[in-house]
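Okay, so here's the structure we're looking at.
The values are calculated or read from the model by the stated rules, or taken from the named source; none is laboratory data. A quick note: this is a predicted structure, and the numbers were derived from the prediction, not measured. For neighbour counting, all protein chains shown are included, and Cβ atoms are generated from backbone atoms with ideal geometry for every residue, glycine included. Just the protein is used for accessible areas: all its heavy atoms, side chains included, with ligands, DNA and RNA removed. Shrake-Rupley method; radii C 1.70, N 1.55, O 1.52, S 1.80 Å.
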Amino acid sequence: MRFIILTAFLLGSMLPAFADTDSLIVKGRINNLNGRLYRQAPFITFSRNNVLQPQSELTKQADLQPDGSFRVSLPILFPQEEVYLDYGGKAFTTFLGSPGTVEITFDGDSIGRAKKLFYFAGVNADANNQYPLYLAAENQRLATSRTFGTDFFRSFWEKSPSDARFSAEGRGELRLGSVKAATQNTVASPVLYQWAKAITDEEQLQLLYEHALSNQYQVSRSLLDSLKRLEKAPLTGQRVIWANRFGNYADLMVEGKKFDNPSRTNSLPVKLMASLIRDNAKNLSAEDRHHLDQINANGLAEKGELDFMNKLFARNEMVLNLLFNFERESRIYGDLFDSTATEFLKVRYLAKNLYKYTYPQQLQLNSHIQSRAGIPQFKQSLDEIVKLEVKDSTDIRKLVEFKNARTEPVEALPGYFLTASNDRGNTWFNGVLDGLKGKTVYIAKWNIEDAKSREELDFLPALQARLPEDIVFLFLHLSTDDYTVPDALLRQYIVRHRLKGIHMSVNENQAMDLLFRLNPLDLATFSIVRPNGKFAAKNATSPRETEKTAQALIEASRQ
C-alpha cells in the first residue's frame, strides 16, 4: 500500500548528500520487455519515506537497460524501511529494504494480469514475497467485518476514549491476523509478522491521537509511552502518518503550556543564553568570550552582566533570535514529553517551519539542532530534508532577484511566470485570464502561512505530471492582515516545491474585489476555467484528489 504521493525527484543528486548513511542496492530485471513498453516507461521509480515529512517521498529513478535490467542505490537511515516501486504508472509494489541488496524480477507481458507479478531475492526476500498475500488477506478480512472494517469509522470519532481504544485494538487484531490467514500453506516470515505488526500497531496509535485531537483531550500515559518506538525500525508510511499526528497533538500541548505558564516559556536560563551568544555571535573579542564563559559557569553575578549580554544580543539579533526561539520551544518539549518524543520534536521544529526561513537560515538552524539532538536517525532525517530544501539555491536566487514582473505574466525561470500589478483585482485577473484563452486553466487560491494550502500544493507536481503541458496552472497568493510573508520567502517556496505556472500575489483590497468573481475565495480552494474563458467549476476538486482532478481538467479541455 502506498501512503505517500511522489513529489520530490532527487535523481542522481542524492548520493553525495548521504555518503555517511547505509545504502540499499536495488537491482533486477523486467523479463520480456518489448520496445513499446520500453518507450512508454524507460525507467523505474523507487521511493522511500522521511519520518519528518508525510507529504513527500525521497525518490530516485533507475534507467532500464535494453535487456530490461536495472540497478539503483538508495540511502537507508533506519535498519529497515518501506520502499515503493512505481513502473511508469503501470505496476506498483511495496517492499521492505535494509542495508544490502534486494533483487526484483517481474514479467513485462504479465503487467495488469498476473495475481503475483513481483518476485524478490536478497534481504527480506521471504517477507517481501509474502507481503502481497498479506495485503490480499487483509483486504478480504476488512471487507467482511462491519465492526472493524467497512463501518469502523462511522462512529469511531464519537466514542469515549476507552471505547475508541477498544475499537482500535480490535481493528489492529483483525489486520494482524491476516498474516496467519495469508500463510496457511507455508511458513510465515518472522520479518513479515514484525512488519505487519508495526503497521497495525501504529495505525492504532494514529487513530487514538486523531481521536484525542478531534475530541480535545489529553492522551493516556500508555500512548505517551508508545512514543519510544519512533526511533525503532521499520520505518513505514504508516509510521510517518502517526508521527505527524503526534506532532499535531504536541503543537496543541505546547500552545497550552505557553498560555498557562508564559513566564517560563518566554525565558531561557542565563547560562544557556551566554553559551548561545558565545558560540554564535560575530566579532566577539577575547575579553567578551572570557566574560561569557564566566557567566556560563557561574550565572549572573551583577546587573551589569545582563546589560553586557543584551548589548551582544542586539548586535547579533537576527541569528540569536532564530536560536533562542528554538531553545524556548525545545524547553517546553522537555517539560511535556519523554526523551524520545523530545528528540523527535526538536528536529521536527525546523522541518515544519522550513517555509519561514531563507535557506541560509535553514542551514544555520539545522547546524544548531544537529548539535542539540541525539538520536542519529532523527538527525539524519532532518539533514536529508534540509539538503533537499537548499539544493535549488541557484534557481531560488534567480527568482528572488527577478525585477521585471509586469501586469502580463513574464517567464522569470523556465516554467515559472510572475505578474505584478496595482490595478483592481478584477481588472488584473481578467487581463491575465484573457491572455490564456484557448487553454484550460487550474486556479489555486493559497497562502504560504496556511497549513492546508501547503499540504494541498505538495500534490501539485504529481498532478502536473499526469496532464498535457498545455494545461496552465494559475496561483493566486492571497495576502491578508493575518497572513503576510516577505516576497523573497514566497519565491523561495515556489521554486522549492515545483509550483510551475503563473503566480499572482494579490493584496487584501484586490482580493476583496475578486470576491464574487472567484467565489469561494477561501484559502486552499481551486477552480477550473475552460479554453473559452468560462468556468467549468468554481469550487473544483483539490490536487490531493489527483486522479479525479486530472480527469476533470482533461474533460474541461475538450469542451
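The residues of segment 71-85 that are touching a Leu at 6+ places or on another chain (Cβ under 7 Å), farther than 21 Å from ARG229 by Cα and either among the acidic types (Asp, Glu) or surrounded by fewer than 20 Cβ atoms within 10 Å (Cβ to Cβ) (or both) amount to a single one, SER73. Of all residues in segment 415-444, those satisfying the criterion of being among the polar types (S, T, N, Q) and surrounded by fewer than 22 Cβ atoms within 10 Å (Cβ to Cβ) are THR419, SER421, ASN422, ASN426, THR427, ASN430.
Report yes if VAL495 is at pLDDT 90 or above and in contact with a helix residue (DSSP H, G or I) (Cβ under 6 Å, 6 or more places away or on another chain), otherwise no. Before the answer, list the steps.
Working: at pLDDT 90 or above: yes; in contact with a helix residue (DSSP H, G or I) (Cβ under 6 Å, 6 or more places away or on another chain): yes.
Taking the combined requirement at face value, the residue satisfies it.
Restricting attention to segment 289-321, the residues that are among the small types (Gly, Ala, Ser), open to solvent by less than 50 Å² (accessible area, probe 1.4 Å) and modelled with pLDDT of 90 or more total 0.
Tally time: how many residues in segment 102-112 are part of a strand (DSSP E or B) and open to solvent by less than 50 Å² (accessible area, probe 1.4 Å)? First the steps, then the outcome.
First, pick out the residues of segment 102-112 that are part of a strand (DSSP E or B): 102-107.
Now narrow it down to the ones that are open to solvent by less than 50 Å² (accessible area, probe 1.4 Å): 102, 104, 106-107.
Final tally of qualifying residues: 4.
Regarding segment 280-288, can at least one residue be identified that is open to solvent by 60 Å² or more (accessible area, probe 1.4 Å) and part of a helix (DSSP H, G or I)? Yes: segment 280-288 contains one or more residues that are open to solvent by 60 Å² or more (accessible area, probe 1.4 Å) and part of a helix (DSSP H, G or I). Each residue in segment 507-559 was checked for being in a loop (DSSP other than H, G, I, E, B) and within 16 Å of ALA462 (Cβ to Cβ), and 5 of them qualify. The set of residues from segment 34-49 being in contact (Cβ under 8 Å) with a residue 12 or more places away in the chain and farther than 17 Å from GLU103 by Cα comprises ASN34, LEU37, TYR38, GLN40, ALA41, PRO42, ASN49.
Take the conditions under 20 Å from LYS271 (Cβ atoms) and crowded, with 16+ Cβ neighbours inside 10 Å and apply them to ILE332. Does it pass? Spelling it out, ILE332 is indeed under 20 Å from LYS271 (Cβ atoms) and crowded, with 16+ Cβ neighbours inside 10 Å.
Residue check: is ARG498 among the basic types (Lys, Arg), open to solvent by 10 Å² or more (accessible area, probe 1.4 Å) and within 26 Å of GLU411 (Cβ to Cβ)? Don't jump to the end; show me each part of the working.
Details: among the basic types (Lys, Arg): yes; open to solvent by 10 Å² or more (accessible area, probe 1.4 Å): yes; within 26 Å of GLU411 (Cβ to Cβ): yes.
Taking the combined requirement at face value, the residue satisfies it.
Looking at segment 451-503, the helices (runs of 4 or more DSSP H) lying wholly inside it that each contain 3 or more residues that are touching an Asp or Glu at 6+ places or on another chain (Cβ under 9 Å) sit at 487-496.
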